[in-house]
1. How large is log10 of I(q)/I(0) for region 2-91 at q = 0.13, 0.16, 0.26 Å⁻¹ when the intensity is taken from the Debye formula with one equal scatterer per alpha-carbon?
2. Could you name the lysines in cross-link range of LYS354, using Cα to Cα under 20 Å and dropping any fewer than eight places away on the same chain?
3. Could you tell me which of rounded, prolate or oblate describes region 142-289, using a ≥ b ≥ c as the square roots of the eigenvalues of the alpha-carbon gyration tensor, with rounded for a/c under 1.5 and, failing that, prolate when a/b is larger than b/c and oblate otherwise?
4. Through the Karplus equation 6.51 cos²θ - 1.76 cosθ + 1.60, θ set to phi - 60°, convert the phi angles of region 21-37 into ³J(HN,Hα) values in whole Hz; use x for Gly and Pro.
5. Compactness ratio of the chain: Cα Rg over 2.2 N^0.38 Å, N = residue count?
6. Looking only at trypsin sites (Lys or Arg not before Pro) in DSSP loops with at most 10 other Cβ atoms within 10 Å, what is the longest site-free stretch of the chain?
7. If all Cα-Cα distances of region 310-380 are sorted into 10 Å bins from 0 onward, what percent lands in each bin, rounded to whole numbers?
8. Can you spot the lysines whose alpha carbon is less than 19 Å from LYS259's alpha carbon? Ignore those fewer than 8 places along the same chain.
Amino acid sequence: VLIAILMSPDYCYQINDVQKGKGVHDISPNQLASRLSFFLWSTIPDAALLTAAEDGTLTTKEGLAKQSKRLLMHPHVENFTREFFGQWLRYRDYLENDSVNAEAFDGYSDELRQAIFEEPVKLLTHLIQHDRPITELLTSDVTYVNDILATHYGGAIEKRYRESFSKPVGYGDPLDKWRMISGIAEDGRQGLMSMAIILTKNSKGERTSPVKRGFWIAHHLLGQHFPPPPADVPELPETEKDASDSIRTLLAEHTVNPKCAMCHKHFDHLGLVLEHFDPVGRLRTQDLAGRPIDNEVSTDSGETINSTSSMVNFILANRRDDFIETFSRKFLGYALGRSVILSDEPLLDEMKLKLSENDFRFSVLFETVIQSPQFLKQRG
């Protein structure tokens, strides 16, 4: 009997009742409560949300907005930031599939890896609950660190973290040693792109990977698509120490082939700008073999980019619409639990318009999607 229960689809899956016929119907109040809770909390509804479903207030525009705001201000919204951003930006499996050779980097422990994994969760939760613009994923001059992560980053971040213990705690429980640190641009950091989890997830073994880092920006962040690489592409060295020259030089030789250059020209330069971060996300002026770092690149328009901030400025000036489009599509698909289809285009246009009219605030995205027919109705 127990096995039958555990193997039942009704136990393993969230199953919504679907009405017969070809019409479009409102989902039931209880289904709406579940859809809202799984979207914002990645778990089942709480008592207050179920009560709102039972008394009918959840199915009113005002009641739905009230419950949505309540859920967004709850600590459970960390589940949303962990799942949505982790899936979209491809770092959700970092703890299970970390490709970095830990033995090659002093202090790269399981405790540090856990802190690296939690950093974006805490920052993104802060941005959502303080209704900051979504562009601060790129531009944020603040982050959250604990003791081991502050030591890992060093520089101004570690200094400000130590100083913060004479001030009130900036995040969570008073016993929690995580602190919000501002002014990270002083250390050449800005937004998600300079976080250790992004830099480490897009490194390889004992070296950085400008290709992976650049591809992450162009494809996952900006939504640009590329064909798969040819099967006979030669591999770069596994370590910087054993490489005959810098990764930048070897990469330039690697992409002389026109078939390779056709794609690499779109993202290699973005990854090369991040070469001043080592494979585990620390600032550096030399690679692991002692060669000086050269992270200056020129764009097709003749602009020079040589820092995280200059790259962020370049993206916002030239590719902001791509970022907003990609963010909106990924957000809508996650909210609905399905692929975005052609009939969703008007909703996507509405999302982008309202974002542009409201300083790109997070609340606009949540409100527009949750109040949409796609979220509130289903086909028979």
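1. Summing over Cα pairs of region 2-91 leads to -0.56, -0.79, -1.21.
2. Within reach: LYS61, LYS66, LYS69, LYS330.
3. prolate
4. Working through the residues one at a time gives x, 9, x, 10, 10, 5, 6, 5, x, 5, 5, 5, 4, 5, 4, 5, 5 Hz.
5. 1.09
6. With trypsin sites (Lys or Arg not before Pro) excluded where exposed in loops, the chain gives 23-380 as its longest stretch.
7. Calculated P(r), rounded to whole percents: 19, 51, 23, 6, 1, 0.
8. LYS212
Since every read-out is calculated from the coordinates, none of them should be taken as a lab result. It should be emphasised that the depicted structure is a prediction, and the values quoted were computed from it without experimental measurement. Backbone-built Cβ (ideal geometry, glycine too); neighbour counts: all protein chains shown.
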